[in-house]
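Working notes for the structure below.
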Amino acid sequence: MLPKTVLVPTDFSDHAERATDYACELARKLGARVILLHAYALPSVGFPESIGFGAELAGRVVTVAEEALRAAKERRQASGVEIVTVAREGDPRDLILGTIEEHHADLVCMGTHGRRGLARAMLGSVAEEIVRHAPCAVLTLRAVT
């Protein structure tokens, strides 16, 4: 069965941009749609909410995430592919797996940084976690350097 919904998690890195372009081209050829997902973290601020600083900063983080997704979608408008953008706060691993289920994704197409050794041990691998736990096919791509 050919994929009809391709989920593309993005952190807007070169790796993620390559995966997004690849997914859009694949979706165009298959007549599929793309779900472009960005997971963000809200900063924890040591000030009481009554000061308003924390809420203002959190609002700015959400706005920046939504604007970046909108720009990523606009850059691919010429592809003719339906692109749905989703910005959510939380752990990328949990959000990717949840979005697969929510949008009935048939394929995840994501970039990988290809870290090894201590960097991988310290930062973990979102791509590896998704490959291990996704209920659908996962395609990983490294940016060409």
Problem - Computed FRET value (nearest 0.05) for Val131 with Ala41, which takes r as the C-beta separation and R₀ as 22 Å - result: 0.45
Completion exercise
Listing Cys24, Cys136 by rising number of other beta-carbon atoms within 10 angstrom, fewest first, gives Cys136, Cys24
Practice task
Fewest Cβ neighbours within 10 Å first, please rank Leu36, Leu42, Leu141 accordingly.
Solution key: Leu42, Leu141, Leu36
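Rule-based calculations on the coordinates, nothing more; no lab input. What you see is a predicted model; the values in this text were computed from it and never measured. Positions of Cβ are generated from backbone atoms using ideal geometry, with glycine treated the same way; all protein chains shown enter the neighbour counts.
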